[in-house]
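One structure is given here, and the rest of the page talks about it.
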2 protein chains.
Amino acid sequence: MRYLKSSWLVLCDKNFTIIKDGFVVFDDKIIDFGDQNRLQKLYKSKKFVHLGANSVLMPGLVNPHIHLEFAANISTLQYGSFTLWLKTVLKYRDELIDKIDTSGIDKQLDDILKSGTTSIGAISSYGLDMNSCIKSKLKVTYFIEAIGQDISKIDELFENFQKKLKKALSFKSKNFTPAVAIHSPYSTGLSLIEKCLKIAKEKNLPVTAHFLESYDEKQWLEHNSGVMAEFFLEFFNKNRSSITADKFLELFKDIKILSFVHCCYASKSQLDYIIKQKAMIVHCPKSNMLLGGKLLDIKDMNNISLGTDGLSSNDSLNMFDELKMALFMHQNIELETKARVLLYMATNMASKTLGQNTGQIKVGHKADLISFDIENKHIQNLATNIILQEKEIKDIYIDGKKII
Amino acid sequence: MRYLKSSWLVLCDKNFTIIKDGFVVFDDKIIDFGDQNRLQKLYKSKKFVHLGANSVLMPGLVNPHIHLEFAANISTLQYGSFTLWLKTVLKYRDELIDKIDTSGIDKQLDDILKSGTTSIGAISSYGLDMNSCIKSKLKVTYFIEAIGQDISKIDELFENFQKKLKKALSFKSKNFTPAVAIHSPYSTGLSLIEKCLKIAKEKNLPVTAHFLESYDEKQWLEHNSGVMAEFFLEFFNKNRSSITADKFLELFKDIKILSFVHCCYASKSQLDYIIKQKAMIVHCPKSNMLLGGKLLDIKDMNNISLGTDGLSSNDSLNMFDELKMALFMHQNIELETKARVLLYMATNMASKTLGQNTGQIKVGHKADLISFDIENKHIQNLATNIILQEKEIKDIYIDGKKII
C-alpha cells in the first residue's frame, strides 16, 4: 500500500476537481483519496510521502491512437493535403517500414512512457510492433488493422488478420489487450470489415476506425467526386465508393468498446449517431492540421478523447505536446475551461476510449498515476499551467507499481 | 568577404523564393547570391564553403516586440482574461521586477540569439535592461516606454522618459537604436503622448504602441463600458476614457517608422487607416491566446510581422516556437502557404517594423543570416519543415560577422 500527498491532486473527473494538498492511498487500485483533514485522521498511523512543494499528482495520460510502425517519417510523407499525403504513403511506405526495427519501436514506447503516458492504443498495420508492445511497461491496446478492398485478395487479407490476432490473443494480459482496427470506409472492403467485426463481437474486442478525416474522403464517400475520386481512378481503377459514410457507421452496431478517429468532416447527424452508439471520438488536432483538415469542434461534446496519431502525421508522440498545441489551436473557449476539458479528454475520455478503468483518480480505478512539479500561483490557472509549463515527469505508477 | 553555399537558400522575399543549392557572397552586406550555374562561373577563383547536405541558409529572425524586464513571471500573472491579467500586473509588478537582474536580462538576450533571432525590439518600462541591450551582440531597437495618465504626474513622467532617452541616445550605435514606445491608448495620458511623439518626430525615432489588444480595451475606448471600465473606476476613479481608438491612431501622423502591436480588435477601417499611415502591425498570437484575445486575421495583409511579446504573457521568446504555434493556430490557409507567410512575417516584415534593411537575402541588405539543418524531401514542404522540425542553429552572422 502506498500513501502519497501532493500540493495539487488533480482527479480528472467530469467536474475537474482539484484538491489542494491532496492525499491518496492505493495498492494496484485507488483505495482512498481526499484532503488533509479527513485522510490524516483516518490513516493517522500511516506516513504519507510528500511529493514536494510544487507537486501535481494526476492520472497518467492515455494516448488512444498511435501508428508506431511509421516512425521513420520525418519529411518523407508530404503534408498539406490528405490525398497528396496518401499518395506519398503508398509510394514510400515500404521504404519507411524498412527503416524501422524493434529498437526504433522500443524507443518510441520508452519516450511515450517517460513523457507521462501510461496507456496507448497502437494501430498495427504489419505486426512489426507486436513483440515490443507485449513487453512494454505501458498498457497497450493493440489494434490489428484490416485494410484492403481488392475482392480477389480479401481471403488472403482476412487470413493474415486472423493469424496476427491469434498470436496477439495468445499474449493477452492485463497490460496487453488485443483489439481490431478497421482502417477506414474508403480503404477496407465491406466483406473484410464484416468478417473482422464478427470476430470482434464474438471475442468482445475493442474496435477503432478512421472516419471522415478529410474533406476529400467526404466528397468521395458521399458524392464519388473530388481529388480522392481522381486518386481511386488512377491507382485502383475505381470510380465509385463501395460504401457511404452512414452505411459504414451502421456496420459497428453492438460493438461495446468502439471509437472513430478524427471525424473532422462528420455531419451533425453522424456525430449524433456515434453518440447513440455509445462510441468515442479520438481527436488528433496536430495530425489534422498537417494533413489539411479542419479542427473538430470540441465544445459541448462528451465523447471526445485526445490522441497524437503516429509520426506519419505528427512530429511528436508526447501527449503534453499535443495538449499544449491544442490549448492554442482551439479558440472561443475560455482558457482555463479549455485546459481542463483537454486534460479530461487526455485522461478520463481517452481511457474510456480504450475501455479501461483508469484516467481518473476514483476509488476502485486502477492506480495509473504520474507526478511532476509546476509553478502555480492561481488555482484558476492550474490546468493551463500544467499544460503550458515544461516539466519532467518525476514518478510514474502503473497498477500502483512504481515504474519510474 | 565570405562565400557560402547551402542546400536550401531561403530569401524571405515577397514571393518566398527558394534556391536549391544556393550561393551567397557577403561582407557586412549581401554582395551577390544565386544558383550554382551563375555564381560558380562568376566567382570561379573563390572557394564556397558548403554548409552541409541538409543545410538551410536564411535571414536571421527578427522579434519586434519583447518586454525583457518581466521575465521573472512564470505563473505570477493570471492568464485567461486581459483585465484580470492587468490587475495582477499592477499587483505583482514590483515583486517581478525585484526578481530580475542584469544576469537575468543577459540570459534572455543570449537565448534569443542562440535560437536564431538576430534583431529585437525591446520595450523598456524601467530602463533596467538598457546596459544589457547596449552590450548585446543582437541588434536592438530599444523602445523607451511612456506610460501613466495622472495629470499631476505628467511632468515627472516626461522628465523620466527624457532622462532615459538621453542616456540611450548617448549609446546609439549601428546595433543599438533608441526608440519610443507609447504604452497604449488606455494607459498613457494625451499630453504625455504628444510630448513624446514630438521628440520622436524631431529625432526621427522608431515608435511603437500596443493597440486594441483586448475586447475589454475596445469596449472601454469606444463605449466607456465593460470590465475595463470597472477596472478604471476601481483603481483610478475614472469613468471615461481620455481618448478614442481612432483619435489615438491619428496622433501618430508623420511618424516614419511606426508599429501597432496586437490590433486583435481593430476594425476594418482602423486596419485600413494603419495601412494608410504606412505603419506595421506586430502579431503575437501566443500572447493573445493566453490573455483571452482573438486571433488576428493574417490573410491578405501585407503589413503584419510576428513577435513573441514578453514572458509576462508567453512561455518562450524563441521565434521558432512562436512560428510553430502560429502554424497550427491559424486555420483556413493552405499549410505551406501559411508557413511561408509566417516566415516572411518573422523576417522581412519584422525587419521593416523596426526600420532595418535586414530580413531578406537581397543585394545591399545587411548580412544578418542563420543556418541550420533540417530533413526535407519535398520542396513543397520546405517552409513547413523549417518551422516544424527541432533544430540547432549552427551559424549566426550579424552584419556579416560570425557570431556563433
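The values are calculated or read from the model by the stated rules, or taken from the named source; none is laboratory data. As the structure is a computational prediction, the values presented were derived from the model and not from experiment. Cβ atoms come from the backbone with ideal geometry, glycine included; neighbour counts cover every protein chain shown.
Against the definition (charged (D, E, K, R), more than 10 Å from chain B (Cβ to nearest Cβ), out of contact with any helix residue (DSSP H, G or I) (no Cβ under 7 Å at 6 or more places or on another chain) and surrounded by fewer than 24 Cβ atoms within 10 Å (Cβ to Cβ)), how does A:LYS362 come out, yes or no? For A:LYS362, the condition - charged (D, E, K, R), more than 10 Å from chain B (Cβ to nearest Cβ), out of contact with any helix residue (DSSP H, G or I) (no Cβ under 7 Å at 6 or more places or on another chain) and surrounded by fewer than 24 Cβ atoms within 10 Å (Cβ to Cβ) - is met.
In this structure, is B:ALA71 surrounded by fewer than 19 Cβ atoms within 10 Å (Cβ to Cβ) and either of a type in the set (A, V, I, L, M, F, W, C) or not assigned by TED's automatic domain parsing to the domain that holds B:TYR397 (or both)?
Numbers: surrounded by fewer than 19 Cβ atoms within 10 Å (Cβ to Cβ): no; either of a type in the set (A, V, I, L, M, F, W, C) or not assigned by TED's automatic domain parsing to the domain that holds B:TYR397 (or both): yes.
No: the conditions fail for B:ALA71.
Identify the single condition in (1) aliphatic (A, V, I, L, M); (2) without any contact (Cβ under 8 Å) to a residue 60 or more places away in the chain; (3) more than 19 Å from B:LEU291 (Cβ to Cβ) that B:LEU138 does not satisfy, given that it satisfies every other one. With respect to (1) aliphatic (A, V, I, L, M); (2) without any contact (Cβ under 8 Å) to a residue 60 or more places away in the chain; (3) more than 19 Å from B:LEU291 (Cβ to Cβ), B:LEU138 is out only on (2). Filtering segment A:97-107 for residues that are closer than 22 Å to A:GLN78 by Cα and hydroxyl-bearing (Ser, Thr, Tyr) leaves an empty set. Filtering segment B:224-259 to residues that are within 14 Å of B:TYR186 (Cα to Cα) and either among the charged types (D, E, K, R) or touching a strand residue (DSSP E or B) at 6+ places or on another chain (Cβ under 6 Å) (or both) leaves B:GLU230, B:LYS238, B:ARG240, B:ASP246, B:LYS247. Scanning segment A:374-404 for residues being closer than 23 Å to A:LEU109 by Cα and not in a loop (DSSP other than H, G, I, E, B) gives a total of 8. Residue count for segment B:94-118 under the criterion of being more than 14 Å from every other protein chain (Cβ to nearest Cβ), out of contact with any Asp or Glu (no Cβ under 7 Å at 6 or more places or on another chain) and part of a helix (DSSP H, G or I): the result is 13. In the set B:LYS163, B:LYS195, only one residue is in contact with a Gly (Cβ under 9 Å, 6 or more places away or on another chain), among the basic types (Lys, Arg) and farther than 30 Å from B:PRO285 by Cβ; that residue is B:LYS163.
Listed here are the residues, each with its yes/no results for (1) more than 14 Å from the chain's Cα centre (by Cα); (2) touching a residue at least 40 places away in the same chain (Cβ under 8 Å).
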residue	(1), (2)
B:GLY307	no, yes
B:LEU311	no, yes
B:PHE320	no, yes
B:LEU323	no, yes
B:PHE328	yes, no
B:GLN331	yes, no
B:VAL341	yes, yes
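In segment A:367-381, which residue that is more than 9 Å from every other protein chain (Cβ to nearest Cβ) and touching a helix residue (DSSP H, G or I) at 6+ places or on another chain (Cβ under 9 Å) is surrounded by the fewest Cβ atoms within 10 Å (Cβ to Cβ)? Looking at residues that are more than 9 Å from every other protein chain (Cβ to nearest Cβ) and touching a helix residue (DSSP H, G or I) at 6+ places or on another chain (Cβ under 9 Å), I get A:PHE372. Every condition in (1) farther than 30 Å from B:ASP373 by Cα; (2) in contact (Cβ under 8 Å) with a residue 60 or more places away in the chain; (3) surrounded by 20 or more Cβ atoms within 10 Å (Cβ to Cβ) is met by B:GLN78 except one, and the failing one is (2).
With the checklist (1) more than 14 Å from chain B (Cβ to nearest Cβ); (2) of a type outside the set (S, T, N, Q); (3) touching a strand residue (DSSP E or B) at 6+ places or on another chain (Cβ under 7 Å) in hand, flag the one item A:LYS41 doesn't pass. Condition (3) is where A:LYS41 drops out. For segment A:363-373, taking the residues that are aliphatic (A, V, I, L, M) and in a loop (DSSP other than H, G, I, E, B), the one that is nearest to A:PHE26 (Cα to Cα) is identified as A:ALA367.
On the stretch given as segment B:159-199, residues that are closer than 20 Å to B:LEU251 by Cβ, more than 19 Å from the chain's Cα centre (by Cα) and not aromatic (Phe, Trp, Tyr) total 16.
For (1) crowded, with 18+ Cβ neighbours inside 10 Å; (2) in contact with a Gly (Cβ under 7 Å, 6 or more places away or on another chain); (3) not assigned by TED's automatic domain parsing to the domain that holds A:ASP368, each residue gets a yes or a no:
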position: A:LYS14; (1), (2), (3): no, no, no
position: A:THR17; (1), (2), (3): no, no, no
position: A:LYS20; (1), (2), (3): no, no, no
position: A:ASP27; (1), (2), (3): no, yes, no
position: A:ILE31; (1), (2), (3): no, no, no
position: A:ASP35; (1), (2), (3): no, yes, no
position: A:ARG38; (1), (2), (3): no, no, no
position: A:LEU42; (1), (2), (3): no, no, no
position: A:SER55; (1), (2), (3): yes, no, no
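For A:LEU9, the conditions (1) out of contact with any strand residue (DSSP E or B) (no Cβ under 7 Å at 6 or more places or on another chain); (2) not in a loop (DSSP other than H, G, I, E, B) are fulfilled apart from (1). If you filter segment B:139-172 down to residues that are among the small types (Gly, Ala, Ser) and surrounded by 14 or more Cβ atoms within 10 Å (Cβ to Cβ), you find that the one that is nearest to B:LEU90 (Cα to Cα) is B:GLY148. Contact map, segment A:210-233: first residue crowded, with 19+ Cβ neighbours inside 10 Å, second residue of a type in the set (Val, Ile, Thr) and modelled with pLDDT of 95 or more, Cβ cut-off under 7 Å, separation 6 or more or different chains; pairs are A:HIS210/A:VAL261; A:PHE211/A:VAL261; A:ASP216/A:THR83; A:ASP216/A:VAL227; A:LEU221/A:THR244; A:MET228/A:THR83; A:PHE231/A:THR83.
Let's see how each residue does on (1) aromatic (Phe, Trp, Tyr); (2) within 14 Å of chain B (Cβ to nearest Cβ); (3) within 30 Å of A:ASN314 (Cβ to Cβ):
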residue	(1), (2), (3)
A:LYS14	no, no, yes
A:VAL24	no, no, no
A:THR76	no, yes, yes
A:THR88	no, yes, yes
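Residue check: is B:ASN288 in contact (Cβ under 8 Å) with a residue 60 or more places away in the chain, under 27 Å from A:THR308 (Cβ atoms) and in contact with a helix residue (DSSP H, G or I) (Cβ under 6 Å, 6 or more places away or on another chain)? Against the criterion (in contact (Cβ under 8 Å) with a residue 60 or more places away in the chain, under 27 Å from A:THR308 (Cβ atoms) and in contact with a helix residue (DSSP H, G or I) (Cβ under 6 Å, 6 or more places away or on another chain)), B:ASN288 does not qualify.
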